[in-house]
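Trainee: Please find one structure pasted underneath; my questions will follow.
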Amino acid sequence: MSTDATPRGAAPILVDLSAAEFRARLPEVLPIYVAAMRYPRGTEYHRAPMWSEHSTRPGWKAVAAALPDEPSRLVAIAYGYRGSPHQWWNQQVRTGMRHAGYPPETIDAVLGDYFELTELHVRPDAQGHRIGEALLRRLLSDRPERTVLLSTPEIAGEDNRAWRLYRRFGFRDVVRQFRFTGDARPFAVLGRDLPLEGP
């Protein structure tokens, strides 16, 4: 569906999702993730159990978005939770930082008190409405953690909307060109201090 009918300045409609609502709407939000990440169709079926499990983790929070011209149809999703040493992503990033030459005390400091921004995705045909910015602000408001960390695919020249968003909000490099187990593409791990102060 084209979103050209929605004025570029129109604010997205944000929806805070409870864990139960999030799980109920997985068939709606997972295709957004697959389209935004350019994963093959069918990936959503493999991700559903993991996303459902994530919603049970301490500090979990999710925000979705719709456009004003079609408020009942979600076009974006973001969620995350408090990072913990026993989590797979934490262990992967710890390995990446170690291979990048960080001393143990720095690794412990970076991974000691953070919110993991696990997913933030806007359907490709709905981009350009500042939805990512709105999701980021809502998701990171009032977080108790000291920092926020995320991973995003490496892009030549950092030339896509996700990279521009993260750089605009002051995210800095933690690890570059890192390959997570199970994904052949290189990723960057980025982070910044909290609270979030908008540009």
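The values are calculated or read from the model by the stated rules, or taken from the named source; none is laboratory data. Remember, predicted model here, so these are calculated numbers, not experimental data. Heads up, the Cβs are rebuilt from the backbone with ideal geometry, glycines too, and the neighbour counts pull from every protein chain shown. When the accessible area is computed, the model is the full protein with side chains, heavy atoms only, and any ligands, DNA or RNA have been set aside. Shrake-Rupley method; radii C 1.70, N 1.55, O 1.52, S 1.80 Å.
Trainee: Show the residue pairs that are 6+ apart or on different chains and have beta-carbon atoms under 8 Å apart, the first residue being within region 28-57 and without any contact (Cβ under 8 Å) to a residue 24 or more places away in the chain, the second being open to solvent by less than 70 Å² (accessible area, probe 1.4 Å) and small (Gly, Ala, Ser).
Mentor: Taking only residues 6 or more apart or on different chains, the pairs are LEU30/ALA48.
Trainee: Still on this model: Just the residues that are open to solvent by 30 Å² or more (accessible area, probe 1.4 Å) and under 22 Å from GLN92 (Cβ atoms), please, taken from region 163-177.
Mentor: Across region 163-177, the qualifying residues are ARG172, ASP173, ARG176, GLN177.
Trainee: Which residues, counting only those in region 163-172, are outside any loop (DSSP other than H, G, I, E, B) and more than 19 Å from GLY101 (Cβ to Cβ)? Steps first, answer last, please.
Mentor: Taking region 163-172 first, the residues outside any loop (DSSP other than H, G, I, E, B) are 163-168, 172.
If the condition is that a residue be outside any loop (DSSP other than H, G, I, E, B) and more than 19 Å from GLY101 (Cβ to Cβ), then TRP163, ARG164, LEU165, TYR166, ARG167, ARG168 are the ones that fit.
Trainee: Of the conditions (1) touching a Lys or Arg at 6+ places or on another chain (Cβ under 9 Å); (2) of a type outside the set (Lys, Arg); (3) loosely packed, with under 11 Cβ neighbours inside 10 Å; (4) not in a loop (DSSP other than H, G, I, E, B), VAL75 clears all except one; give me its number.
Mentor: VAL75 satisfies every listed condition except (3).
Trainee: Being aromatic (Phe, Trp, Tyr) and open to solvent by less than 50 Å² (accessible area, probe 1.4 Å) is the filter; apply it to region 21-68 and report the residue that is nearest to ARG138 (Cα to Cα).
Mentor: Out of the qualifying residues, it is TRP60.
Trainee: Among (1) modelled with pLDDT under 95; (2) under 18 Å from ARG57 (Cα atoms), there is one condition ARG143 misses while meeting the rest; what is its number?
Mentor: (1)
Trainee: Applying the selection to region 173-199, what residues are assigned to a strand (DSSP E or B) and not small (Gly, Ala, Ser)?
Mentor: ASP173, VAL174, VAL175, ARG176, GLN177, PHE178, PHE187, VAL189, LEU190, ARG192, ASP193
Trainee: Ok, one more. Would you pick out the residues in region 111-142 that are in a loop (DSSP other than H, G, I, E, B) and either basic (Lys, Arg) or surrounded by fewer than 16 Cβ atoms within 10 Å (Cβ to Cβ) (or both)?
Mentor: Those that are in a loop (DSSP other than H, G, I, E, B) and either basic (Lys, Arg) or surrounded by fewer than 16 Cβ atoms within 10 Å (Cβ to Cβ) (or both): GLY112, ASP113, ARG123, GLY128, ARG130, SER141, ASP142.
Trainee: In region 146-162, how many residues are open to solvent by less than 40 Å² (accessible area, probe 1.4 Å) and either part of a helix (DSSP H, G or I) or at positive phi (or both)?
Mentor: Of region 146-162, the ones open to solvent by less than 40 Å² (accessible area, probe 1.4 Å) are 147-154, 162.
Subset that is either part of a helix (DSSP H, G or I) or at positive phi (or both): 162.
Residues in region 146-162 being open to solvent by less than 40 Å² (accessible area, probe 1.4 Å) and either part of a helix (DSSP H, G or I) or at positive phi (or both): 1 in total.
Trainee: TYR114: under 23 Å from GLN92 (Cα atoms), modelled with pLDDT of 95 or more and within 11 Å of the chain's Cα centre (by Cα), yes or no? Steps first, answer last, please.
Mentor: Values: under 23 Å from GLN92 (Cα atoms): yes; modelled with pLDDT of 95 or more: yes; within 11 Å of the chain's Cα centre (by Cα): no.
No: the conditions fail for TYR114.
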